[in-house]
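Written out below as structure tokens is the structure these notes cover.
The values are calculated or read from the model by the stated rules, or taken from the named source; none is laboratory data. Quick caveat, the model's predicted, so the values are computed rather than measured. Cβ placement follows ideal geometry from the backbone for every residue including glycine, while neighbour counts extend to all protein chains displayed. With ligands, DNA and RNA removed, areas are computed over all heavy atoms of the protein, side chains included. Shrake-Rupley method; radii C 1.70, N 1.55, O 1.52, S 1.80 Å.
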Amino acid sequence: MTDHVSPSKDKLVADLRLVVADAEELLAATAHQTGDALAALRERAQENLRNARHKLVGLEDDVRIKAREACHATNHYVHEHPWTAIGVAAGVGLLVGMLISRR
């Protein structure tokens with residue numbers, strides 16, 4: 001599951017860094033320049049922001065699909081091995097209870 005998400009996440013982080021760099025450049029440019037250079041820089045920053053938003057939506061969809069698949073796989077496993085699932089749930093409950101009672 002993480003093999004498919006990690007490259008997308010790395011690309012998204014790189015895109016967001018590019019957007020931040022463009023925003024910083026835009027702020028620096030507004031102090032000294034006006035006109036065409038500022039308009040071109042602003043357009044480039046807006047395009048990078050649109051691309052980052054689009055990729056973020058795609059990444060969100062991928063994560064949602066993977067979570068749904070994991071949910072279905074867990075449901076199938078619990079139906080195939082109910083006593084194992086009950087044992088694991090009881091063990092986790094016991095551990096959580098012990099941790100809570102320590103306070």
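Mean separation of Cα pairs under 8 Å and 6 or more residues apart, divided by the residue count, gives the chain a relative contact order of 30 percent.
The alpha carbons of segment 19-103 give a radius of gyration and a Dmax of 25.7, 72 Å, in that order. Remark: the chain carries 81 Å² of accessible area per residue (probe radius 1.4 Å; ligands, DNA and RNA excluded).
Working from label points 7 Å from Cα in the Cα-to-Cβ sense, the Asn51 to Val92 distance is 4.1 nm.
Note the angle between two axes, namely the Cα long axis of helix 82-101 and the longest principal axis of the Cα atoms of the chain, as a number of degrees from 0 to 90, rounded to the nearest 10. Helix 82-101 and the main axis of the chain meet at about 70 degrees. Compared with the dominant Cα axis of the chain, that is its longest principal axis, helix 2-32 is turned about 30°. Computing FRET efficiency as 1/(1 + (r/R0)^6) for Glu43 and Val63, where r is the C-beta to C-beta distance and R0 is 22 Å, gives about 0.10.
Between Val13 and His72, what FRET efficiency follows from the Cβ-Cβ distance if R0 is 25 Å, with the result rounded to 0.05? FRET efficiency, Val13 to His72: 0.30. Along the axis of the charge dipole computed for the chain (Cβ charges of +1 for Lys and Arg, -1 for Asp and Glu, origin at the Cα centre), the listed residues Leu18, Val92, Ala29 are led at the positive end by Val92. A Cβ-based charge dipole, computed about the Cα centre of the chain with Lys and Arg at +1 and Asp and Glu at -1, lands at about 500 debye. For the chain, carbon and sulfur atoms together expose 63% of the accessible surface, with a 1.4 angstrom probe and every protein chain in place.
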